[in-house]
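What follows is a set of notes on a single structure, which appears directly below.
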Amino acid sequence: MNYSVKSVEKVPGANCDWNESIWEGAELVRLESIRPESSEHHPKVQAKVVHDEDCISGIFNVEDRYVRAVHTHYQDMVCTDSCVEFFIKPSVGNGYFNLEMNAGGAFLFYYVKNHQVVGEAYKEYIHVAPEHGSFITVKTSLPPVIEPEITEPTTWQCQFIIRRQALEPYCGPLGKLSGQTWKCNFYKCGDKTSHPHWISWAPVPILNFHLPDCFQDMYLL
């Protein structure tokens, strides 16, 4: 299992258009590994990622239900809302980044050097500072706050742009992106929705998305 990231001249602006021509030819990811702890609600989730020499951009398409988003600030625990996630481990540095985005567009971004759980935190991790988090753009097709929960079937999109300025203060200089091999995984969750679920692209053996040994090769073409 691996993923190839299409190279483009310039990543698209954040407009959440799943059908925009820039995504044509981008490899499609299907999130189909469902943790048994999930409710009977299993959203259909797909994603695509492209890159240029300064940015990585991706888009999720989520055929969902029971959609909720109450967190609105940077570094809020958006995983408790209807949430999609993209974890990446660059070819430099000794950690990985977890980008977690709720259906309203709020996001969390950490750099994790040691994912061992100590109490309610990880042994060694960094909250990416706001000045570096500002080099990330997240946009969704839904309003910032979704409360009460949308109970009928709803399809929504989430697009992200990660600029190298958000990564390099933590992992070091990335150099030319084309030709590199990173590691990644994609996730969908909704911990505190009425129908919680945990779905991934590459399977995880326990209910924990912070398992870098489960990340798969991501080729930057």
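What follows is calculated from the coordinates using simple rules that are stated; it is not laboratory data. None of the values given here were measured: they were computed from a predicted structure. When we count neighbours, we look across all protein chains shown, and the Cβ atoms used for this are built from the backbone with ideal geometry, even at glycine.
Side notes on the structure shown:
- Here's the picture: charge each Lys and Arg Cβ at +1 and each Asp and Glu Cβ at -1 in the chain, and of 112, 72, 22 the one pushed furthest to the positive end of that dipole is 112.
- The chain - mean residue ellipticity at 222 nm from DSSP helices (-39,500 (n - 2.57) per run, n ≥ 4, rounded to 500): -1000 deg cm²/dmol
- The chain: relative contact order as a whole-number percent, Cα under 8 Å and 6+ apart: 29
- A straight line joining the Cα centroids of segment 68-137 and segment 10-31 runs 22 Å.
- Choice from 159, 75, 116 showing the highest fluctuation, given a GNM over the chain with Cα pairs closer than 10 Å: 116
- Net dipole in debye of segment 64-121 [+1 Lys, Arg Cβ; -1 Asp, Glu Cβ; about Cα centre; nearest 20]: 140
- Student exercise, the chain dipole from Lys, Arg, Asp, Glu Cβ charges, in Debye to nearest 20: 400
- The lysines whose alpha-carbon is closer than 19 Å to the alpha-carbon of residue 89, local same-chain residues fewer than 8 away aside, are 6, 48, 113, 123, 176, 183, 188.
- Per-pair calculated FRET efficiency, R0 = 35 Å: residue 123 and residue 34 via Cβ, rounded to 0.05: 0.80
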